[in-house]
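The values are calculated or read from the model by the stated rules, or taken from the named source; none is laboratory data. Keep in mind the model is a prediction, meaning the values are calculated, not measured. We place every Cβ from the backbone using ideal geometry, glycine too, and count neighbours over all the protein chains shown. Remember, those area values only see protein heavy atoms, side chains included, never the ligands or the DNA or RNA. Shrake-Rupley method; radii C 1.70, N 1.55, O 1.52, S 1.80 Å.
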Amino acid sequence: MSRFDEIIDRNTPEDLKHAKIEGIDDLLPMWVADMDFKCPDEVIKALVEQAERGVFGYSEADESYYKALTGWYKRRYRWEVESDTVITLPGVVLGISYAIRALTKENDSVLIFEPLYGPIGRAVKCSGRNLVISDLVLKDRHYEIDFDDVENKIRENDVKMLIICNPHNPAGRVWTREELLKIGDICLKNNMVIVSDEIHADFVYSGHKHIPIASLSEDLKKITVTCTSATKSFNIAGIQAANIVIANKAMRDAVDRTAFSTGAFGLNIMGLVATRAAYNYGDKWMDELVTYLEGNIELVKSRLEGTKLKVTDIEGTYLMWIDASEMGMDDPSKFFLENAHIKFSEGTFFSKKADQFIRMNIACPRSVVSEALDRMLKLPEIR
Ligand SMILES: Cc1ncc(COP(=O)(O)O)c(C=O)c1O
């Protein structure tokens, strides 16, 4: 038995993912991106030790924190990061939002690829910037960037910033070196800033490799804001901690000032001790987790094969993006909630055009994935 087979009781009033839905007492929540696994013992121990001290004063990341962080980047992605280039913040989306506000001006254009995790586009729009969307192209269940469209949109809208997500939620892509270099060239040529959301960096499956775009060249390092966090990787999203790497001092100072102007600084003490313990002791746990998730993915792919649900290739993340258009439903996620008591994320959270898609979070014990598949396969509508 794997440690990830354990069913953890998440039935608490504060739990967002497992929140009760009236009239449903056997809900399978497979939506918001956190996992149903216990985080590594070392992380729990670090948090318990801190809690038992009974003091939760202001905190500051010290050398031991940055050593843990930069050690992880180096071991896992061969990325050399200097401690003084990191800004700590309570969240990745917050980091993206500050970068937008600090590094572009009102009404400037910012480009994203859709479908994409909704709060990113929202951050662009709510910051008074012009959101420009280049749709990823789905070919044979595999998403690709339409580079001609990207270049045209950059030219037509005088785009100042590109926000990428790597690995991409929900398209499941882990961008290759060639794709990243092409993205990088376009941004360098057009004097653009790159914001790279790499929160899913640790979820990369066989045959693929996570490459931080900032690690590809000195030129790219100078124009990139990389948003990272241990929260997705170690299932500690509730402690809210992110690390934003900005090698370019002028850009870093600008983002820092914007953060400071809102009163945001540093990490809460629990975020700090949990992140440090995770990056110091989490390698083996992470490797085992990725192998386990790969098993869940295979199970979903094989059991849904031949049905009307078309599973998109997944190279990274634990979020499976499924095309339900053959079912011809107005709202596929509502259909599965009402008829199978499974809560998926709605496609429209990621793109207005994705109303026929559902996103399935498979970061839960295999028995739960299996139960969800049993319920889905019982429905004649998917045949
Ligand atoms: C791509 C992506 N970025 C950011 C976040 C949220 O990060 P945070 O809670 O640190 O703002 C998520 C959460 O699902 C995500 O998938």
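Which entries of Lys67/Lys222; Lys17/Lys352; Lys209/Lys232; Lys17/Lys160; Lys139/Lys232; Lys17/Lys38 show an alpha-carbon separation above 26 angstrom in the structure shown?
Too far apart for the 26 Å limit: Lys17/Lys160; Lys139/Lys232.
Computed FRET efficiency, Cβ-Cβ of Asp331 and Glu218, R0 45 Å: what is it to the nearest 0.05?
0.40
May I ask what percent, to the nearest 5, of DSSP beta bridges between residues of the chain are antiparallel?
Values: 22 of 44 bridges.
Bridges in the chain that DSSP calls antiparallel: roughly 50 percent.
Under a 1.4 Å probe, what is the accessible area of the chain per residue, stated in Å²?
Details: 17130 Å² over 383 residues.
Per-residue value: 45 Å².
Just the number, please: carbon plus sulfur as a percent of the accessible area of the chain, 1.4 Å probe, no ligands or DNA/RNA counted.
48 percent
By accessible area of protein heavy atoms, probe 1.4 Å, what ranking do Lys160, Lys139 get, highest first? Walk me through the intermediate numbers first.
Numbers: Lys160 70, Lys139 110 Å².
Order by accessible area, largest first: Lys139, Lys160.
Long-range amide H contacts for Ser2: which residues qualify at under 5 Å (H placed 1.01 Å from N, peptide plane, sequence gap of 5 or more or a different chain)?
Amide H neighbours of Ser2, under 5 Å, 5+ apart: none.
Quickly estimate the mean residue ellipticity at 222 nm for the chain, helices only: each DSSP H run with n ≥ 4 gives -39500 (n - 2.57), and the total goes over all residues, rounded to 500.
Helix contribution divided over all residues of the chain: -12000 deg cm²/dmol.
Could you tell me, in Å, what Rg and Dmax come out for the Cα atoms of segment 45-281?
17.5, 58
Counting other Cβ atoms within 10 Å, which chymotrypsin sites (Phe, Trp or Tyr not before Pro) in segment 178-266 have at most 14 and lie in a DSSP loop? Please list the in-between numbers first.
Details: sites: Phe203, Tyr205, Phe234, Phe260, Phe265; in loops: Phe203, Tyr205, Phe234, Phe265.
Within segment 178-266, the qualifying chymotrypsin sites (Phe, Trp or Tyr not before Pro) (loop, at most 14 other Cβ atoms within 10 Å) are Phe265.
Over what distance in Å are the Cα centres of segment 6-40 and segment 318-383 separated?
After rounding, the separation between the Cα centres reads 17 Å.
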